[in-house]
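Single-structure report; data block below.
Read the figures in this text as sums done on the coordinates, not as results from a lab. Since this is a predicted model, take the numbers as computed values, not measurements. Cβ sites come from the backbone with ideal geometry, for glycine too, and all protein chains shown count toward neighbours.
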Amino acid sequence: MSDIGYYQKWWREPMANYLDLGRTDVGLSQNAIADFKNQVKTRYIPGWFTIVLWDEFFEGKPVGYIRYRKVEWNKRRTEIAIRLGQDYWGQSIGQAAIGELLAYLFFEKGLEEAWLKVASFNQRAIRLYEKCGFIETGSFMDNDYPELTWKVMSIHKTKFARISP
Ligand SMILES: CC(C)(COP(=O)(O)OP(=O)(O)OC[C@H]1O[C@@H](n2cnc3c(N)ncnc32)[C@H](O)[C@@H]1OP(=O)(O)O)[C@@H](O)C(=O)NCCC(=O)NCCS
């Protein structure tokens with residue numbers, strides 16, 4: 001949890017919140033931070049795991065996080081999510097990080113499908129997921145904001161194995 005300071009910084013970036021959560025009215029409450037710490041500490045959500053990206057080029061500074069959660073072992077699938085600090089967008093770090101995480105999930109954890117949800121206006125993220133081999137498998141309207149729709153995107157292990165270098 002020594003990286004929590006970085007997380008708090010990324011969670012305060014308004015543009016990233018907008019792209020990630022599809023809304024601007026979400027603040028970083030103390031409760032949310034406590035909740036996050038508790039989930040990590042107690043592993044309340046099975047399979048919650050955080051990778052902080054490090055790179056010598058960035059002199060060992062964490063540049064973002066990627067995680068998986070809500071593992072459905074019976075279906076061998078899990079949800080993933082990613083966020084980079086705004087300074088690090090557009091440098092293919094997202095693609096590299098997702099590739100690493102998928103290799104870990106499919107070849108070490110024995111999972112067979114990864115899925116995610118993305119705001120349908122978040123073109124950079126959608127392009128990233130398409131580059132990584134995800135395809136759209138569904139969509140739904142946001143509960144609170146009917147004008148906001150979410151895409152569900154998924155990738156199966158067999159496709160990942162086929163397209164990975
Ligand atoms: C989404 C995010 C993880 C992407 O990571 P990244 O390292 O910036 O992504 P990459 O550089 O690997 O790839 C982005 C791709 O989108 C393209 N792109 C950028 N802006 C775009 C736009 N407005 N429309 C379409 N494509 C766009 C880039 O050109 C690149 O594709 P290319 O390699 O074919 O040129 C990162 O930008 C981020 O953390 N954003 C804020 C939080 C967020 O949106 N999280 C995802 C929630 S689902």
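Evaluate the charge dipole of segment 102-144 about its Cα centre and quote only its size in Debye, nearest 20, assuming +1 on the Cβ of each Lys and Arg and -1 on the Cβ of each Asp and Glu.
Result for segment 102-144 is approximately 220 debye, rounded to the nearest 20.
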| message | Cut-off under 18 Å on the C-alpha distance; same-chain residues fewer than 8 positions from LYS131 excluded. Which lysines are left, in chain and number order? | response | LYS117, LYS151, LYS157, LYS159
| note | Lys and Arg at +1, Asp and Glu at -1: neighbours of LYS157 with Cβ under 14 Å from its Cβ sum to +3
| message | Quick check: residue separation of TYR145 and TRP89 times 0.36 nm, minus the Cα distance between them. What number comes out in nm? | response | 17.5 nm
| What ranking of PHE121, PHE36, PHE134 emerges when the number of other C-beta atoms within 10 Å of each C-beta is taken as an exposure proxy, fewest first? | PHE121, PHE36, PHE134
